[in-house]
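Everything below concerns the one structure shown next.
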Protein chains: 4
Amino acid sequence: MVRKNEFITVAEELFLETGFENTSIDDIVKRMDVAKGLFYHYFDTKEDLLTAIVERLLDEIKSSIELAMEKKGLTAIERFKELTPSNSGISDRSKMIVSLFHKERNQAFHHLVEERASEFLIPAVERIIRQGVDEGIFQTKYPRETAIAWMTMLGSVGKSAPNEPTPEQLLQMNAARLELSERMLGAKPGTLDELLRRPFSGVSDKACQR
Amino acid sequence: MVRKNEFITVAEELFLETGFENTSIDDIVKRMDVAKGLFYHYFDTKEDLLTAIVERLLDEIKSSIELAMEKKGLTAIERFKELTPSNSGISDRSKMIVSLFHKERNQAFHHLVEERASEFLIPAVERIIRQGVDEGIFQTKYPRETAIAWMTMLGSVGKSAPNEPTPEQLLQMNAARLELSERMLGAKPGTLDELLRRPFSGVSDKACQR
Amino acid sequence: MVRKNEFITVAEELFLETGFENTSIDDIVKRMDVAKGLFYHYFDTKEDLLTAIVERLLDEIKSSIELAMEKKGLTAIERFKELTPSNSGISDRSKMIVSLFHKERNQAFHHLVEERASEFLIPAVERIIRQGVDEGIFQTKYPRETAIAWMTMLGSVGKSAPNEPTPEQLLQMNAARLELSERMLGAKPGTLDELLRRPFSGVSDKACQR
Amino acid sequence: MVRKNEFITVAEELFLETGFENTSIDDIVKRMDVAKGLFYHYFDTKEDLLTAIVERLLDEIKSSIELAMEKKGLTAIERFKELTPSNSGISDRSKMIVSLFHKERNQAFHHLVEERASEFLIPAVERIIRQGVDEGIFQTKYPRETAIAWMTMLGSVGKSAPNEPTPEQLLQMNAARLELSERMLGAKPGTLDELLRRPFSGVSDKACQR
DNA sequence: GATGAATGAGAATTCATTCAT
DNA sequence: TATGAATGAATTCTCATTCAT
């Protein structure tokens, strides 16, 4: 089981680096320094491995989301902060899920994850938006659509800057994200200040550049 | 030249259907019913073909964008309508470029197009936003970031509905797009009504479903 | 390792028979009756195989030359005899190296071997010539040039006779080789009698005919 | 006919540069800037072209050799000088024949030429050696074998020096060639001085280096 | 659990050659 | 003479997968 997980970990790295199609079983076993046969001891096909990666990733996201959503007595803003990777117990690796949302590097992987992750993340965001509407800090008639559009926006803004953005450009980008977030969620200016001070940044900016 | 274009057309179809990596030269020549050698009469490598596809696509987009941007005396809203595929003379095929913006089905293709298309589309959108700000109908301090975030949003909202959306869901989606657009651009409610009545829809919804 | 060596052996045969360019991987695996993939299990490219052949060949030559050169107390003539394939422990296959010296059947192979073999063989011959000069049986001011010219001559003379030489022609050739050798090395007539009685003959004549 | 000859000239260049196998018909027509079809208007196959090159080359050598051999009243030494490319009317291009003798760059070409050139060159050299023996300046019992060995030696000595030989090395090489030549032909020291002062050098040294 | 030899289908690419115009 | 589109077999190389040990 520990060995199987090692395969998943290494393959995840490689798939992310090079893409699913461009990573061969040979690449994987070479990096692990084991024989090729061992791979087929644990997995039936290459596709099978992809599924396993996604499954594990989703489990992590799912449970960390559930953890954040189950906490009692949080405001919508606090709950968002709870969802934010750096605050939540979400593992470092699965932070990448958000970045994957905008990674065009590889088909199969991205496709699968995006499809499945929406099942958890988007509904959670949608629920928090509804909560915020109830609390009166957000205002929108379309929480579902806003959820997905907002998540997407957070990633896309990072693409407006060059690969090596200057500090000023980073500030500008964050300010834009803040303004756009408040507008999309229908929040009063300043409401999201604290949430987006350095919001999703470790993730979205560096990761989304490429 | 006509034959070379046929290659580009057929390959574009196949790459979009199956992805670049999953389409073999054999697939292409089989669909065209020519010998494999003919492919290499016109192209040096498979990569070369991809470049040719993108080049042709970009030419179409570029010229249709230029056409729309050069018209005199248009308001920002009118200019957006001019950019809209259904209104402009842009060919049906190159409408797909917008959808490609959010198509993660295939790396190389998407990557190339996105990178290059941004050179034309995003700056054009940014310019129109600035014009709108000058005209007083839009209001934002971040036209650049808003341009990219807005374009992205238009595509992403389509993912909130299932593959075969009901008429009600389509209406809902459009309404959400309208509200989000007005908010992002800082426009008064109703301002974009006419623009987004059925706007970009042929493109983003069907095309983005996959 | 045994299988890899089998590849080297079979490829060596085929390359010598047909030439490097005219031998396909298919030819090799067909003669070995294995799958094509196995070839690439052991070698990265066809070029890689060529290198391996040459490497193995050179190792054999090198060690057999070193063996001959390290023996103590031999006269120059004795040392030449020691170098002679038929006398030394040099494997049958690598005898061909001398013949390769004049085999123009194929570029890459010949080129590589010639270039690398000179590093060992020519210097050894040069050293022995110098020793012979010291011993007073040879006489030349140009041991280096004589070494290479002599080696070349031994091979080239074989080409003076037709493909299927009569015994008389063989005798004539050997006599010519003897006279020319003694003249080139500056040795008294008869000095090399014993050395060239049947000298290098198995190699140069048959092998050089083609 | 002029066009056909152009093909032969260009192909000869390319075959010498890159080798027969590594030169494609495409390479040839591209350098001539004509259509591929034209090639097949003049030649049946690629092999056919090779034959034509060799034929033309041999015709040139043959006639220039015949010219040199038919002259009346020359001594052996004078006749050798007549054979020497720089002295004889042999065309610049066909000088290369001598160098080809030691060019390992390409199989088929070299093979063909060597085989056929021997028919003319070696017998001519042999005849001159016999004449020299009659004149008493040479002395050998094996004119035939000496002819081929001598021609080969002249080329091989060039390989004793590095690719960019110093003037001293060139002098040394020439001195070695002189000594070896006199010994092989059984000539008194100094006899060949004039002949080999700068003998075959333009050809053998530069050309044989590679 | 673990090894790595072995398979074989299929991919991209090359190239001599044909042929209608 | 001359063009260049078209062919298709051959070639190198890749890689997921199997299997005996």
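What net charge is computed for the residues neighbouring B:Met184, neighbours being all others with C-beta under 12 Å from the C-beta of B:Met184, Lys and Arg scored +1, Asp and Glu -1? Counting the neighbours of B:Met184, the net charge comes to -1.
Converting phi to 3J(HN,Hα) with the Karplus coefficients 6.51, -1.76 and 1.60 and the offset θ = phi - 60°, the range B:56-63 yields 5, 4, 5, 4, 5, 4, 4, 5 Hz in sequence order, with x at every glycine or proline. Taking all protein chains as shown and a probe of 1.4 angstrom, D:Phe138 keeps an accessible surface of around 0 Å².
Which sequence of D:Glu55, B:Glu126 reflects their accessible areas, 1.4 Å probe, from the largest down?
On the way: D:Glu55 70, B:Glu126 25 Å².
Listed by decreasing accessible area, they come as D:Glu55, B:Glu126.
Rolling a 1.4 Å probe over the protein heavy atoms leaves A:Glu12 with an accessible area of roughly 10 Å². Taken across both chains, chains D and C shield about 3200 Å² of accessible surface from a 1.4 Å probe. Please report the net charge: other residues with Cβ closer than 11 Å to the Cβ of D:Thr146, K and R +1, D and E -1. Value of the local net charge: +3.
Ranked from shortest, the separations from the 7 Å Cα-to-Cβ label point of A:Leu67 to its equivalents in the other copies are 5.5, 7.0, 9.5 nm.
When all protein chains stay in place and ligands, DNA and RNA are ignored, the 1.4 Å accessible-area order of B:Asp193, A:Asp33, largest first, is A:Asp33, B:Asp193.
Measuring against 23 Å, Cα to Cα, the residue pairs C:Lys159/D:Lys71; A:Lys36/C:Lys36; A:Lys46/C:Lys4 contain C:Lys159/D:Lys71; A:Lys46/C:Lys4 as the ones spanning a longer distance. With label points set 7 Å from Cα along Cα→Cβ, the inter-copy distances at D:Asp33 are 4.0, 5.8, 6.0 nm, sorted shortest first. If you put a point 7 Å past Cα along the Cβ direction, how far is that point for B:Pro162 from the same point in each other copy, in nm, smallest first? Copy-to-copy label distances for B:Pro162: 4.8, 8.0, 9.1 nm.
Protein-only accessible surface at a 1.4 angstrom probe places the residues A:Arg79, D:Arg31, A:Arg127 in the order A:Arg127, D:Arg31, A:Arg79, largest first. Here D:Thr9 sits with roughly 50 square angstrom of accessible surface, probe radius 1.4 Å.
How much net charge surrounds A:Leu14 when only the other residues with a Cβ under 9 Å from the Cβ of A:Leu14 are counted, with Lys and Arg +1 and Asp and Glu -1?
On the way: positive: A:Arg31; negative: A:Glu12, A:Glu13, A:Glu17, A:Asp27.
That works out to -3.
For the range B:23-32, the Karplus equation 6.51 cos²θ - 1.76 cosθ + 1.60, evaluated at θ = phi - 60°, returns couplings of 9, 9, 4, 4, 4, 5, 5, 5, 5, 8 Hz by residue, with Gly and Pro reported as x.
Accessible-area loss of 30 Å² or more (1.4 Å probe, protein heavy atoms, chain alone versus all protein chains) is found in the range A:169-196 for A:Gln172, A:Ala176, A:Glu179, A:Leu180, A:Arg183, A:Met184. Computed from label points 7 Å out along Cα-Cβ, the spacing between D:Glu168 and D:Asp44 is 5.9 nm.
The values are calculated or read from the model by the stated rules, or taken from the named source; none is laboratory data. Bear in mind that the values here come from a model prediction, so they are computed numbers and not experimental data. So basically every Cβ, Gly included, is an ideal-geometry build from the backbone, and we count neighbours across all protein chains shown. In case anyone asks, the SASA skips ligands and DNA or RNA and just uses the protein heavy atoms, side chains included. Shrake-Rupley method; radii C 1.70, N 1.55, O 1.52, S 1.80 Å.
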